[in-house]
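The values are calculated or read from the model by the stated rules, or taken from the named source; none is laboratory data. Keep in mind that what you see is a predicted model, and the values were worked out from it rather than measured. Quick reminder, even Gly has a Cβ in these numbers, built from the backbone with ideal geometry, and neighbours come from all protein chains shown.
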Amino acid sequence: MKLYYLDSVSWADSQLLYHALPRLGREGLILLSPASPYVCIGYFQDVEQEVDLEVCRQQGIPVFRREVGGGAVYLDGQQLFYQLILHRSNPLVPAGWEALYRRFLQAPVDAYRALGIPAMYRPVNDIIANGRKISGNGAAEINDHYVVVGNLIADFDYEMMVRVLKVPDEKFRDKVHKTLQENLSTIRRELGHVPPRQQLWELLTEKFSQILGPLEVETTVDPVWRAEVDSLARTMLTDEWLFGMSRERKGDKRKVTIRSGVQVSHKAYKAPGGLIRAIVETREGTITSVSFSGDFFFYPAHRLADLEEALVETPLDKAEEVISRFYTEHGIESPGVTPSDLTRVLQ
C-alpha cells in the first residue's frame, strides 16, 4: 500500500487530498499537517449554528465542510493528521463501523503509548489518555472506499477553538473553555514537551505498517491526483457547499404556531453519539417536513435525506416506528444514535 508522506500542506489540501483519493479508486495512507489554521465542520452540521463566522472572517480563518460526520473543530499545524483510505473489498476492513474504528485507531493508540502516554481506545471513535480525549477521529464511505481520519495532537489552541464556536454569550463561552481544557489533552500537556515532529511521523508510520503491512512511501502529489483535488475545490470551497445544510434557525428549542394545528419547531437533543438538531413542520400532528443536522455519524450518509423524506406524512406518534423500519430496510448504522434518539427531537 502507498504511504503518502506529505508533511505540511495548504489547509485546503489537508482536506481535499483525502476526499480526492477514493474518487480516483485509490487506496493509501496519507500523513500531513495543515500549514495554516482553519475550522472544519462535520458533514451534517449547520455552519451558522455551530461556527461564529464573523470571528472567522476577522481572524482570516477559512471554514470547510468535510464529507465525514462529527463536530466543528479548530485545526492547525500542531495537529498531525492520518487519513486512511481502503476499498470496501479490502480484507483488512472489518464488518461494522465500530470494528473499523477499533482496528485502525490502534495505530495512533500505540504511537501515543510509545511516547509514554497511556492512551486507550474508547468507543465509538475516541482516543483518551488519563481520562481526557487526545485525538479526534471520524470515518465515512466515499466512492466504495472507507475513509478513516484523525490526528495526533501535539499542542492545542484552546482559546481560539472557543472563539470560533457559536455560543449564546460570554458566560457560556467561559464555561466551554473550562470544559474543553478539562476534557481535551495534548502531547505537550501529557509529557511537558513535544518530541521532534519527525519522530511523531515515524511512530505513526511504524504503527500503521504493523496493521496495514509494508508501506511504499511517496512524497509528492502526482498530476492526476492534483487534477482531482482542483476539480473538487471548485465545489467544496464554495459557499454553496459550506452553507448547503443551513436553515434559518434560532435557539435550541423553538416552536412557532403558524395557525391552529400548524407548527414549526426546532429542537436539539444530545445523544451518546452526538448532538442531533431537527426542524420539523407539523400539520394536525402529522409531519409535513423535517430536516436533521448535528455532529453525529450516519451511514450511508446520503440516506439521511431519504429518511427525512420517509417521515413526511407520518403522524408524530408513529415516527419512531417509521425510523426503526427505515434503519432495518436500509442497513443504517449511526453509532451512539438510535431511532429513539432521532424521535426525541421530533416531538
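Annotations for the structure displayed:
- Number of positions in the stretch 33-58 that are outside any loop (DSSP other than H, G, I, E, B) and either under 13 Å from the mean Cα position of the chain (by Cα) or closer than 20 Å to PRO168 by Cα (or both): 14
- Selection status of ALA95, out of contact with any Phe, Trp or Tyr (no Cβ under 8 Å at 6 or more places or on another chain) and either of a type in the set (Lys, Arg) or crowded, with 21+ Cβ neighbours inside 10 Å (or both): no
- Single residue of SER36, SER14, SER10 found to be under 30 Å from GLN198 (Cβ atoms) and in contact with a Pro (Cβ under 6 Å, 6 or more places away or on another chain): SER14
- Any hit, the stretch 97-115, residues being among the basic types (Lys, Arg), more than 23 Å from GLN198 (Cα to Cα) and either part of a loop (DSSP other than H, G, I, E, B) or not assigned by TED's automatic domain parsing to the domain that holds MET236 (or both): no
- Selection count where residues are of a type in the set (A, V, I, L, M), farther than 22 Å from GLY77 by Cα and buried (at least 20 other Cβ atoms within 10 Å of the Cβ), scope the stretch 22-48: 1
- Selection over the stretch 288-347 of residues that are of a type in the set (Ser, Thr, Tyr), more than 20 Å from ALA140 (Cβ to Cβ), in a helix (DSSP H, G or I) and touching a helix residue (DSSP H, G or I) at 6+ places or on another chain (Cβ under 8 Å) gives a count of 3.
- Note on the stretch 151-198: enclosed helices (runs of 4 or more DSSP H) holding 3 or more residues that are in contact (Cβ under 8 Å) with a residue 24 or more places away in the chain and within 30 Å of ALA107 (Cα to Cα) are 158-164, 187-191.
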